[in-house]
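Heads up: the structure comes next, in structure tokens.
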Amino acid sequence: MSKQPNACAQPDLMPPQEAIEALLAQVNATQDSEMVSLNDAVGRVLSEDLASCIDLPPFDNSSMDGFAFRFEDLNLSTSTELTLIGTSFAGHPFKGTPQANTCIRIMTGAPVPAGYDTVQMQEKTTTNADIISIEAPKAKGANVRYRGEELLAGTNVLKSGIQIRAAEMGVLATIGISQVRVKRKLKVAFFSTGDELRPVGSDLAPGQIYDSNRYSIKGLLTQANVEWVDLGVIEDDKEAIRGAFREAAEQADIVLTSGGVSVGDADYTKQILSEEGEITFWRLAIKPGKPFAFGKLGKAVFCGLPGNPVSSMVTFYKLVWPIINKMQGLTPKAPVIVKATLSTPIRKQPGRAEYQRGVLSRDENGELVVATTGGQGSGMLTSMSLANCFINLAQFQGDVEAGSTVEVEPFNSVLC
Ligand code: AMP
Ligand code: MG
């Protein structure tokens, strides 16, 4: 997105897409990997392409409880009586030899023996001692799942760079993988800065508030599947902040802080960071979340989130999370954006892209509608909790009337 001339635009603010691309250009995917047991693999990033060593399914099997037989033995215009000569149960294949005009009782998942080719479901058969009367199914091969019909041995099943979710856990088990090579987990050290902040569990003196960012960040980092180190609340004191930066940079891939990156008198973060590392301060054309700091601190990547609680979550989601994803070797995925009808009007000044917190639902006709959560102040953290989506409003967009179509980004697994 390029900066467009606009009376309301603030030309020193960087458009969000430009900022994300510039940030991503400065970080690299980890090359380190480790083997982990399949039991510990959920959430990890696969670091090699994986091919199956076996056909899937591994043998012809029945998709129904019923009877297996030769299709050619059936009379297609009426029912056919076949003699029952055995059983094939899941885990207990038929041991005999299929013969003309016979059938076996077969259960779902049990092998269809070579020599039989078709299965009829139990409900379309009648049994009289060992004589089974079978209604012909539509075609030869009905209700049989053939060996290799899903994939053949040697076929690639999973690609390097994907995140192992529940489905991949099952796929890996299906092809018999007990250990899997994954990217090393990233380590993120984080702390809050601010003399007004107190940890939960303590009493508040006048002018003090609870430190909430450390907890929302902890939630976000947990959802992002990284290892984290919580360094607590650091007071607005230059040397305390310097000490915390050094401690964090020594042990982490990413150092994350909240607060102290705006232009207040006690905002020492900038000064100490410029002395300790290579830091760029960004004024982003986004709301909430204008001030954001980024750079290198020793070997670590540094991200300084704004202190306002909603701003810190939104900048994490929009900027830090893509950085984490790239550094942990994940193949990028475009966010899912849907269009919905706005049911509440929105006030907006052109100049910054806004991520208003919204509730996406369906109206009585099944159409997608979205409403804001109400007050959108950058300190109103309950707006994040009430929301299930962002209403994405473009940088140069002004007010939006109720009834307009807007772009909505449903929250994904990181924010849910
Ligand atoms: P700052 O970015 O330090 O200027 O802080 C901006 C606003 O966010 C102020 O109202 C702070 O009190 C508030 N704030 C900063 N850090 C936190 C935090 N960790 N938890 C809750 N609020 C915070
Ligand atoms: Mg502060």
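The values are calculated or read from the model by the stated rules, or taken from the named source; none is laboratory data. Note that the coordinates shown come from a computational prediction; the quantities given were computed from them, not determined experimentally. Counting neighbours? That spans all protein chains shown, and the Cβs are built from the backbone with ideal geometry, glycine included.
Each row is one residue, and each column tells you yes or no for (1) more than 15 Å from ligand 2 (Cβ to nearest atom); (2) of a type in the set (Ser, Thr, Tyr); (3) within 25 Å of Ser378 (Cβ to Cβ).
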| position | (1), (2), (3) |
| --- | --- |
| Gln208 | no, no, yes |
| Ser216 | yes, yes, yes |
| Ala224 | yes, no, yes |
| Trp228 | yes, no, yes |
| Leu231 | yes, no, yes |
| Ala240 | no, no, no |
| Ala244 | no, no, yes |
| Val255 | yes, no, yes |
| Val261 | no, no, yes |
_Just to be sure I understand the filter: pairs with C-beta atoms under 7 Å, separated by 6 or more residues or on different chains, first member in the stretch 214-243 and within 19 Å of Pro322 (Cα to Cα), second member basic (Lys, Arg) and part of a helix (DSSP H, G or I). Which pairs pass?_
Trp228/Lys218
*Give just the number: which of (1) modelled with pLDDT under 95; (2) not in a helix (DSSP H, G or I) does Ala19 not satisfy?*
(2)
*Just for the stretch 293-307: of the residues that are part of a strand (DSSP E or B) and within 11 Å of ligand 1 (Cβ to nearest atom), which one is farthest from Asn28 (Cα to Cα)?*
Leu305
*In the stretch 153-183, what count of residues is obtained for those that are surrounded by 18 or more Cβ atoms within 10 Å (Cβ to Cβ) and farther than 18 Å from Asp49 by Cβ?*
0
*asked:* Quick check on this structure: which one of Asp49, Asp65 is acidic (Asp, Glu) and in contact with a Lys or Arg (Cβ under 7 Å, 6 or more places away or on another chain)?
replied: Asp49
*Filtered residues of the stretch 337-373 (kept if small (Gly, Ala, Ser) and modelled with pLDDT of 95 or more)*: Ala340, Ser343, Ala353, Gly358, Ser361, Gly366, Ala371
*Just wondering, is there one or more residues in the stretch 259-268 that are of a type in the set (Ser, Thr, Tyr), within 16 Å of ligand 1 (Cβ to nearest atom) and buried (at least 22 other Cβ atoms within 10 Å of the Cβ)?*
no
*In the list Asn392, Asn365, Asn388, which residue meets the criterion of being within 30 Å of Lys185 (Cβ to Cβ) and away from ligand 1 (no atom under 16 Å from the Cβ)?*
Asn388
*Across the stretch 397-414, what is the total count of residues that are surrounded by 14 or more Cβ atoms within 10 Å (Cβ to Cβ) and outside any loop (DSSP other than H, G, I, E, B)?*
6
_Scan of the stretch 170-212 for residues that are outside any loop (DSSP other than H, G, I, E, B), under 12 Å from Leu38 (Cβ atoms) and of a type in the set (S, T, N, Q), ordered by number_ = Thr174, Gln179
_I'd like the full set of residues that are part of a loop (DSSP other than H, G, I, E, B) and among the small types (Gly, Ala, Ser), limited to the stretch 137-169._
Ala139, Gly141, Ala142, Gly148, Ala153, Gly154, Ser160, Gly161
*When Ser274 is evaluated against the numbered criteria (1) more than 30 Å from Pro410 (Cβ to Cβ); (2) of a type in the set (Gly, Ala, Ser); (3) in contact (Cβ under 8 Å) with a residue 12 or more places away in the chain, which criterion, by number, is the only one it fails?*
(3)
*Looking at the stretch 235-291, which of the residues that are within 31 Å of the chain's Cα centre (by Cα), of a type in the set (D, E, K, R) and more than 30 Å from Gln31 (Cβ to Cβ) is modelled with the highest pLDDT?*
Lys287
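Among Gly289, Gly295, Gly307, Gly351, which is the only one that is outside the structural domain of Asn28 (by TED's automatic domain parsing) and of a type outside the set (A, V, I, L, M, F, W, C)?
Of Gly289, Gly295, Gly307, Gly351, the one residue that is outside the structural domain of Asn28 (by TED's automatic domain parsing) and of a type outside the set (A, V, I, L, M, F, W, C) is Gly351.
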*Pick from Ser212, Ser202: which is in contact with a Pro (Cβ under 7 Å, 6 or more places away or on another chain) and within 14 Å of ligand 1 (Cβ to nearest atom)?*
Ser212
*Counting just the residues of the stretch 350-367 that are surrounded by fewer than 16 Cβ atoms within 10 Å (Cβ to Cβ) and in a strand (DSSP E or B), which one comes out farthest from the chain's Cα centre (by Cα)?*
Arg362
